[in-house]
């Protein structure tokens, strides 16, 4: 076989099989400066998150006389040996299937569909109506016990937690260890929970336009799925040099076998 033809064939296979930078780089700018400015100006913080089933809340109640509200706060507050995860699990308030949390003395409180500020006000008003006077100067805080999400596929897999109220998908991916070279950044899927059920959302993380999508900020209990690019099934390598080396090795082996026959 002509050596020139073999080298040309190797070059074609190598260039067609490697993964281009267009499919690897995040938030690429392929628009005019004016369009980019428009995208960045339009980007807004998401609407306040509304609680759903299986959300885990951390609620603290304070007053001028802290002994008055001691019964409402977790006993484990002074347990410095417990990790943040453990304390959230044992001391947090889980939104059950009825959309309620169960608090000491106060009993069942409907919170599904409420924002964290609305939960704080609801608990505070209930305390003032049933147990305390306004002079007690109650202060109620309600927070999500960490923003929990799951990553699957060509990304660091597992259950992840970030202790912030708002988390972008870029932060979530970085926290999980980034998407691998073989991950499909153009079609990252997000399985998201809504009051009426679950929906599958898609976002192209290679485009700057991702900044303006509802998927740019993740929500509690999101499942981020990164599919595998077809190049991984071929198994030649991640870049042109690796592919060329693999093919050259195969051809060399075949040549040695043919010579020995």
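The values are calculated or read from the model by the stated rules, or taken from the named source; none is laboratory data. These numbers come from a predicted model, not from an experiment. Note that we place each Cβ from the backbone using ideal geometry, even for glycine, and neighbour counts take in every protein chain shown.
Which condition number does residue 237 fail, the rest of (1) modelled with pLDDT under 70; (2) surrounded by 13 or more Cβ atoms within 10 Å (Cβ to Cβ); (3) in a helix (DSSP H, G or I) being met?
All conditions are met except number (3).
Please tell me if residue 232 is over 30 Å from residue 121 (Cβ atoms), out of contact with any strand residue (DSSP E or B) (no Cβ under 6 Å at 6 or more places or on another chain) and modelled with pLDDT of 90 or more. Please lay out each step first, then the result.
Details: over 30 Å from residue 121 (Cβ atoms): yes; out of contact with any strand residue (DSSP E or B) (no Cβ under 6 Å at 6 or more places or on another chain): yes; modelled with pLDDT of 90 or more: no.
In short, no.
Within the stretch 121-176, considering only strands (runs of 3 or more DSSP E) that don't extend past its boundaries, which have at least 3 residues that are out of contact with any helix residue (DSSP H, G or I) (no Cβ under 7 Å at 6 or more places or on another chain) and modelled with pLDDT of 95 or more?
On the way: elements: 139-144, 147-153, 158-162.
Counting at least 3 such residues, we get 147-153.
Take the residues in the stretch 203-231 that are over 13 Å from the mean Cα position of the chain (by Cα) and without any contact (Cβ under 8 Å) to a residue 60 or more places away in the chain; name whichever of them is nearest to residue 181 (Cα to Cα).
Looking at the filtered set, the residue picked out is 230.
In the stretch 56-84, how many residues are modelled with pLDDT under 70, exposed (fewer than 13 other Cβ atoms within 10 Å of the Cβ) and part of a helix (DSSP H, G or I)?
4
Output the residues belonging to the stretch 188-200 that are farther than 12 Å from residue 221 by Cβ and either free of Cβ contacts under 8 Å to residues at least 12 places away in the same chain or surrounded by 15 or more Cβ atoms within 10 Å (Cβ to Cβ) (or both).
Of the residues in the stretch 188-200, the ones farther than 12 Å from residue 221 by Cβ are 188-189, 195-197, 199-200.
Passing the criteria: 188, 189, 196, 197, 199, 200.
Has the stretch 207-225 got at least one residue that is out of contact with any helix residue (DSSP H, G or I) (no Cβ under 9 Å at 6 or more places or on another chain) and in a strand (DSSP E or B)?
There is at least one residue in the stretch 207-225 that is out of contact with any helix residue (DSSP H, G or I) (no Cβ under 9 Å at 6 or more places or on another chain) and in a strand (DSSP E or B).
Taking the conditions exactly as written (farther than 13 Å from residue 61 by Cβ, surrounded by 15 or more Cβ atoms within 10 Å (Cβ to Cβ) and not assigned by TED's automatic domain parsing to the domain that holds residue 196), does residue 138 satisfy them or not?
On the way: farther than 13 Å from residue 61 by Cβ: no; surrounded by 15 or more Cβ atoms within 10 Å (Cβ to Cβ): yes; not assigned by TED's automatic domain parsing to the domain that holds residue 196: yes.
Answer is no for this residue.
What is the one condition in (1) in contact with a helix residue (DSSP H, G or I) (Cβ under 6 Å, 6 or more places away or on another chain); (2) loosely packed, with under 15 Cβ neighbours inside 10 Å; (3) outside the structural domain of residue 67 (by TED's automatic domain parsing) that residue 182 does not satisfy?
(2)
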